[in-house]
Amino acid sequence: MSQAAPSIPGVQLEATRSTSKAKPSRARKIVQRTVIALASVMVLLTGVIGFAHTKTGRPLLRYIPGMGGVCPLGMDVKLAPAQRDSLRNQTLAKYRGEQPAASRVVYGFELGKSSRADVDTWTKSNGVACEPKKRDNGIDCKGVPAAAVGGIEAAESIGFLFDAHDAVVAIDLHRSLSPERAIAVIDAQSLILKASLGPSTSDRNAHTPAYLTDGKLRQVLVEFAYHDVLAKVMATNVGSTIHQRETYQLVGDPS
């Protein structure tokens, strides 16, 4: 029967020390790779979750881990306007930029200043049908003509969120487009926002139909992160279509 090799005092201890020294370096690499991967996933989920909150894409919520068919951010929970304002401001504060935007005007509405009455006037003049959000202080509008949203492309839907004082604090627009048209809309709207808000602060991935159609969850995203406005224009390949989404949010309290 073979016998185990005798242990040599000091050698095993030194080996243990070497192993323990090597582990932090390997751990750091694992953490770095994990952070990078999670960041990429979160960018993609911005478009996917946005699509999942539309009437067409809502069934996707049940397939997104941890959601169970409801929104994890509380958008499916009834909150008082003041509570919603507080939660929204806390969430958006981490994404705000250093410089204020040159303007807060989007599609003719000034974030933090335009009122619910202004939106009502817009819906009537454009013949847009809207209904109150079920669990939020806002409205959802369907079948929006191109002339009502800058003339670039008609929208399937547009949502308005109001604060506790009935001022517009967020606008959320959705379209289902061909890859070619989605890229064209993103490029056109980005130019408008650059002239209105200021330069984009982030521009991710190639603005080409070929890139978008190369696989599911491919996404093109242009972001404008300012101290008082956070705007995103994006297109995401959700499999059956290209979901083009635009979000505009007031960051912080209006002043």
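All of the numbers you see were taken from the coordinates with simple rules; none came from a lab. Every value quoted in this text rests on a predicted model; they were computed, and no experiment measured them. Cβ coordinates were reconstructed from backbone atoms using ideal geometry, including for glycine residues, and neighbour counts include every protein chain displayed.
Residues 248, 226, arranged from fewest to most other Cβ atoms within 10 angstrom of their Cβ, appear as 226, 248. Paramagnetic label reach from residue 121 (point 7 Å along Cα→Cβ; backbone nitrogen cut-off under 16 Å): within segment 152-178, residues 167-168. Sorted fewest first by neighbouring Cβ atoms within 10 angstrom, 241, 121 come out as 121, 241.
Our analysis of segment 80-250 gives Rg over Rh at 0.96, with the two radii drawn from alpha carbon positions and Rh computed by the Kirkwood formula.
Other residues within the sphere of radius under 9 Å centred on the Cβ of residue 130, judged by their own Cβ, net out at -2 (K and R +1, D and E -1). The gain in end-to-end length when the residue 154 to residue 102 segment is fully stretched comes to 16.1 nm, 0.36 nm per residue minus the alpha carbon separation.
Note on 207, 243: ascending count of other Cβ atoms within 10 Å places them as 207, 243, the fewest first.
Shape of segment 127-225 from the C-alpha gyration tensor: prolate (a/c of 1.5 or more and a/b above b/c, with a ≥ b ≥ c the square roots of its eigenvalues). Simple point charges give the picture: +1 on the Cβ of Lys and Arg, -1 on the Cβ of Asp and Glu, and for segment 80-250 a dipole about the Cα centre of about 320 debye. Pairs over the 24 Å Cα-Cα cut-off, from the set 124/194; 134/216; 94/133; 94/194: 124/194; 134/216; 94/133.
Spin-label pair residue 192-residue 94: with each label point 7 Å from Cα along the Cα-Cβ axis, the two points sit 3.1 nm from one another.
Scalar couplings 3J(HN,Hα) for segment 111-119, obtained by applying the Karplus form with A = 6.51, B = -1.76, C = 1.60 to θ = phi - 60°, are 4, x, 10, 4, 9, 4, 4, 5, 5 Hz; x denotes Gly and Pro.
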